[in-house]
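Asks: I'd like to ask some things about the structure below.
The values are calculated or read from the model by the stated rules, or taken from the named source; none is laboratory data. As the structure is a computational prediction, the values presented were derived from the model and not from experiment. Every residue, glycine among them, receives a Cβ derived from its backbone with ideal geometry; neighbour counts consider all protein chains shown. Remember, those area values only see protein heavy atoms, side chains included, never the ligands or the DNA or RNA. Shrake-Rupley method; radii C 1.70, N 1.55, O 1.52, S 1.80 Å.
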Amino acid sequence: MRTRITTSTRALATTAATLLLGAALASPAGAAQPAAPAHRAPGEVVTTTLLGALDALPVTDEDRTGYVRTAFRHWIDADRDGCDTRREVIIDEAVQAPEVGARCALTGGQWYSPYDAVTVTDAAGLDVDHMVPLAEAWDSGASSWSAAERQAYANDLDDDRSLIAVTAKSNRSKADKDPADWLPPAADYVCTYITNWTTVKTRWGLTADPREKDALQRIAAGCADESITVELAR
């Protein structure tokens with residue numbers, strides 16, 4: 001069974017976030033932002049804010065020594081339904097559902113790529129992007145993980161902010177860059193993008209390098225301090 005967040009779940013999460021944000025706005029000026037816990041436990045659910053999560057991100061220099069993309073086994077068929085992780089995301093994020101044929105061949109359907117505000121009518125024009133790229137995850141802590149942990153990261157269907165279907169053009173423009181070097185061309189998606197980036201790093205206990213964190217905090221200063229709820233993966 002797939003465990004990606006459904007539309008109704010997203011609606012409930014949005015309502016909860018609105019209530020939490022209202023409570024935050026009602027707090028006294030200058031009140032401290034909630035931060036992620038110092039002691040992490042997989043499965044723990046953390047509620048914080050964008051600024052609180054950013055403040056809690058540990059800062060370290062990046063190190064890509066030894067990185068190879070194959071260190072992250074990705075696009076597996078975890079539930080053995082014939083559709084690998086990539087196709088699961090594409091099916092899940094369709095605005096109009098495609099027909100799913102033998103060996104999970106997709107025909108028809110329609111998608112919206114939020115990175116560049118483009119509508120796509122052929123699944124072949126889509127890439128599935130790791131919100132925090134595999135190389136960036138390696139640099140930020142995944143180099144010390146087990147192979148099983150890296151596989152879980154690369155195929156994370158348990159949080160719909162981890163993987164996203166976007167145009168191949170926008171994904172390849174992003175490549176393995178962090179927000180200090182690349183942001184979505186669609187300006188109205190930038191705040192959502194850095195919020196999701198920060199959430200994924202929080203979920204997986206990843207670090208940020210100094211330039212990255214400075215860029216995130218600078219951009220976040222112009223965004224609403226949205227509530228973030230995330231289940232820790234490790």
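Asks: Go through the stretch 42-73 and report how many residues are hydroxyl-bearing (Ser, Thr, Tyr) and within 20 Å of residue 133 (Cα to Cα).
Replies: If we filter the stretch 42-73 for residues that are hydroxyl-bearing (Ser, Thr, Tyr), which is where we start, we get 47-49, 60, 65, 67, 70.
Checking the rest, the ones that are also within 20 Å of residue 133 (Cα to Cα) come to 60, 65, 67, 70.
The total comes to 4.
Asks: Oh, and also: Does residue 203 count as in contact with a strand residue (DSSP E or B) (Cβ under 6 Å, 6 or more places away or on another chain) and modelled with pLDDT of 95 or more?
Replies: On the way: in contact with a strand residue (DSSP E or B) (Cβ under 6 Å, 6 or more places away or on another chain): yes; modelled with pLDDT of 95 or more: yes.
So residue 203 passes the test.
Asks: Could you tell me whether the stretch 196-208 includes any residue that is polar (S, T, N, Q), open to solvent by 10 Å² or more (accessible area, probe 1.4 Å) and either closer than 14 Å to residue 74 by Cα or touching a Ser or Thr at 6+ places or on another chain (Cβ under 7 Å) (or both)?
Replies: yes
Asks: Test each condition in (1) surrounded by fewer than 22 Cβ atoms within 10 Å (Cβ to Cβ); (2) charged (D, E, K, R); (3) in a helix (DSSP H, G or I); (4) in contact with an Asp or Glu (Cβ under 6 Å, 6 or more places away or on another chain) for residue 188 and report the one that comes out false.
Replies: All conditions pass for residue 188, except number (4).
Asks: Quick check, is residue 225 assigned to a loop (DSSP other than H, G, I, E, B), open to solvent by 50 Å² or more (accessible area, probe 1.4 Å) and of a type outside the set (A, V, I, L, M, F, W, C)?
Replies: Numbers: assigned to a loop (DSSP other than H, G, I, E, B): yes; open to solvent by 50 Å² or more (accessible area, probe 1.4 Å): no; of a type outside the set (A, V, I, L, M, F, W, C): yes.
Criteria not met by residue 225.
Asks: Scan the stretch 138-187 residue by residue and report those that are closer than 19 Å to residue 73 by Cβ and of a type in the set (Asp, Glu).
Replies: 139, 149, 156, 158, 159, 176
Asks: Would you point out the residue of the stretch 172-183, among those that are of a type in the set (A, V, I, L, M, F, W, C) and farther than 14 Å from residue 209 by Cα, that is surrounded by the fewest Cβ atoms within 10 Å (Cβ to Cβ)?
Replies: Once the filter is applied, the top-ranked residue is 175.
Asks: Oh, and also: Looking at (1) within 25 Å of residue 153 (Cα to Cα); (2) part of a loop (DSSP other than H, G, I, E, B); (3) open to solvent by 50 Å² or more (accessible area, probe 1.4 Å); (4) at pLDDT below 95, which is the one condition that is false for residue 41?
Replies: Tallying (1) within 25 Å of residue 153 (Cα to Cα); (2) part of a loop (DSSP other than H, G, I, E, B); (3) open to solvent by 50 Å² or more (accessible area, probe 1.4 Å); (4) at pLDDT below 95, residue 41 fails exactly one: (3).
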